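See structure below.
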Amino acid sequence: MSNTLFTAKEWLKYFLFSHHSKGHGIHSPWVFRFVKSVLNDKKSERHFFENQLKQKQLKKNTGYVILQDLGASSSINNGKTKRIGELALSVTTPFKYRCLLGKMVQFYNPDVIIEFGTSLGLTTNILAESTKKVITTVEGCQNIHKIALENFLQWNNQNVVAKHSDFDSFIQNFEFQNRTCFIYIDGNHSGNATLRYVEQFWKKIPDGSIIVIGDIFWSRDMANAWRQLTVPQDKKYTIDLFHVGILFKHTSCMGQHYRIRY
């Protein structure tokens, strides 16, 4: 089955069996607060309008970049030349979910913010505009990393630290020092790699931390990894928004899983 057909079938199941977007039927105060104060916060989204304009400008970019992909599609994309404007359209996290990440950072105010998969920097830009704290973003393709650096300079995102690194090395060397973390993983669409990153992070991050995973139904492999992550566990709530999956780590979390329409 192709990825497109698989994703379409998963979307239908999500639509039919997800909780109401207003939080009806959700008994956890923690999750209900997330729905009411973050998912349904429309006012904050207005502050991110300029990010859409940045994406429109990047779509017009006729320059080309040679990909050096370290992720699940590396066998297809390595050495492939792509137009920057095409990357701005196809590789970037959709604007709706970029806004969601920004709203989460504003609401939960984590000490440490990490993004895996910088791409052209559009998601990083929203994160940077949502807080005065440092955003650490990691990109595996050196050529794309260089373009993102130019974008951050142009956009005046002074609180961004952009690194060119493989993700495993970054996790191994990063010092968390018991600081609450917000981590967005969207740079390697391999189920095994995703599980590995989450496992390594989960051991290090303290209560109050959040991990968000992009494209959880991009393929059967990613979907299987996500389902393993939703197995009930103390101190963990998992939330399926179809395009992203969210893991909350907190003492009040009782190992429940929610599928919420967004």
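The values are calculated or read from the model by the stated rules, or taken from the named source; none is laboratory data. Computed from a predicted structure; not experimentally measured. Cβ: placed from backbone, ideal geometry, glycine included. Neighbour counts: every protein chain shown. Accessible surface areas use protein heavy atoms only, side chains included; no ligands, DNA or RNA. Shrake-Rupley method; radii C 1.70, N 1.55, O 1.52, S 1.80 Å.
Charges at C-beta only: +1 for Lys and Arg, -1 for Asp and Glu. How large is the resulting dipole of the chain about its Cα centre, in Debye rounded to 20? Walk me through the intermediate numbers first.
Details: 33 positive and 21 negative charges, 161 e Å.
I would put it at about 780 debye.
Report, in listed order, any pair from LYS43/LYS249; LYS9/LYS36; LYS103/LYS133; LYS204/LYS249 with a Cα-Cα distance greater than 18 Å. Walk me through the numbers before you get to the answer.
Details: LYS43/LYS249 27 Å; LYS9/LYS36 28 Å; LYS103/LYS133 14 Å; LYS204/LYS249 11 Å.
Those over the limit are LYS43/LYS249; LYS9/LYS36.
Would you mind getting the Kirkwood hydrodynamic radius of segment 111-209 from its Cα pairs, rounded to one decimal in Å? It would help to have the intermediate numbers written out before the result.
On the way: mean 1/r = 0.0730 Å⁻¹.
Value: 13.7 Å, from the Cα pair sum.
Sort 39-46, 102-109 by the packing proxy (mean of other Cβ within 10 Å over each peptide's residues), most packed first. Write down the numbers at each step before the final one.
Values: 39-46: 12.8, 102-109: 18.9.
Going by the mean number of other Cβ atoms within 10 Å, highest first, we get 102-109, 39-46.
Over the chain, what number does the Rg to Rh ratio reach, with both radii from the alpha-carbon atoms and Rh per Kirkwood? Don't skip to the end; give the middle numbers.
Details: Rg = 17.6 Å, Rh = 18.7 Å.
Here the Rg-to-Rh quotient is 0.94.
Select from the chain the helices, each a whole stretch of DSSP H, whose alpha-carbon atoms run 18 Å or more along the helix axis and whose Kyte-Doolittle mean is at least 0.0; answer none if there are none.
On the way: long enough: 3-17 (21 Å, 0.21); 95-108 (20 Å, 0.21); 142-155 (20 Å, -0.31); 191-204 (20 Å, -0.96).
Answer set is 3-17, 95-108.
Pairs of Cα atoms under 8 Å, at least six residues apart: use those to get the relative contact order of the chain, whole percent. Write out the running numbers ahead of the final one.
Working: 463 pairs, mean separation 47.1, N = 262.
Value for the chain: 18 percent.
Ignoring any ligand, DNA or RNA, what whole percent of the accessible area of the chain comes from carbon and sulfur when the probe is 1.4 angstrom? Please report the intermediate quantities before stating the final value.
On the way: 6450 of 12600 Å².
Roughly 51 percent, rounded to a whole number.
Among all the lysines, which ones have a C-alpha under 21 Å from LYS60's C-alpha, if same-chain residues fewer than 8 places away are not counted?
LYS80, LYS82, LYS96, LYS146
Find the eigenvalues of the gyration tensor of the Cα atoms of segment 170-262, then list the square roots of 5 times those eigenvalues as equivalent ellipsoid semi-axes, largest first, in whole angstrom. It would help to have the intermediate numbers written out before the result.
Values: eigenvalues 78, 57, 23 Å².
Taking √(5λ) for each eigenvalue gives 20, 17, 11 Å, largest first.
Using heavy-atom solvent-accessible surface (probe 1.4 Å) with all chains present, what is the largest-first order of ASP240, ASP186, ASP234? The partial results should precede the final answer.
Details: ASP240 0, ASP186 25, ASP234 120 Å².
Largest accessible area first, the residues go ASP234, ASP186, ASP240.
On full extension of the chain, what length is gained from ASP41 through ASN156, given 0.36 nm per residue of separation minus the C-alpha to C-alpha distance?
Values: separation 115, 0.36 × 115 = 41.40 nm, distance 2.62 nm.
Value of the extension gain: 38.8 nm.
Let me check against my output: what whole-number percent is the relative contact order of segment 183-240, with C-alpha pairs under 8 Å and at least 6 apart? Numbers along the way, then the final one.
Working: 41 pairs, mean separation 24.5, N = 58.
Dividing the mean separation by the residue count of segment 183-240 yields 42 percent.
Per-residue ellipticity at 222 nm for the chain, helices alone: DSSP H runs ≥ 4 residues times -39500 (n - 2.57), over residue total, nearest 500 deg cm²/dmol? The partial results should precede the final answer.
Details: 11 runs with 110 residues, N = 262.
Mean residue ellipticity at 222 nm (helix-derived): -12500 deg cm²/dmol.
Tell me which trypsin sites (Lys or Arg not before Pro) from segment 153-262 have a DSSP coil assignment and no more than 16 other beta carbons within 10 Å of their own.
Working: sites: LYS163, ARG179, ARG196, LYS203, LYS204, ARG220, ARG227, LYS235, LYS236, LYS249, ARG259, ARG261; in loops: ARG179, LYS235, ARG261.
Qualifying residues, ordered by number: ARG179, LYS235, ARG261.
Can you tell me what share of the DSSP beta bridges in the chain is antiparallel? A percent to the nearest 5 is fine.
That works out to approximately 40 percent antiparallel.
Using DSSP to call loops (not H, G, I, E or B), can you name the GluC sites (Glu not before Pro) in segment 138-204 whose Cβ has at most 16 other Cβ atoms within 10 angstrom?
Loop-located and lightly packed - GLU175.
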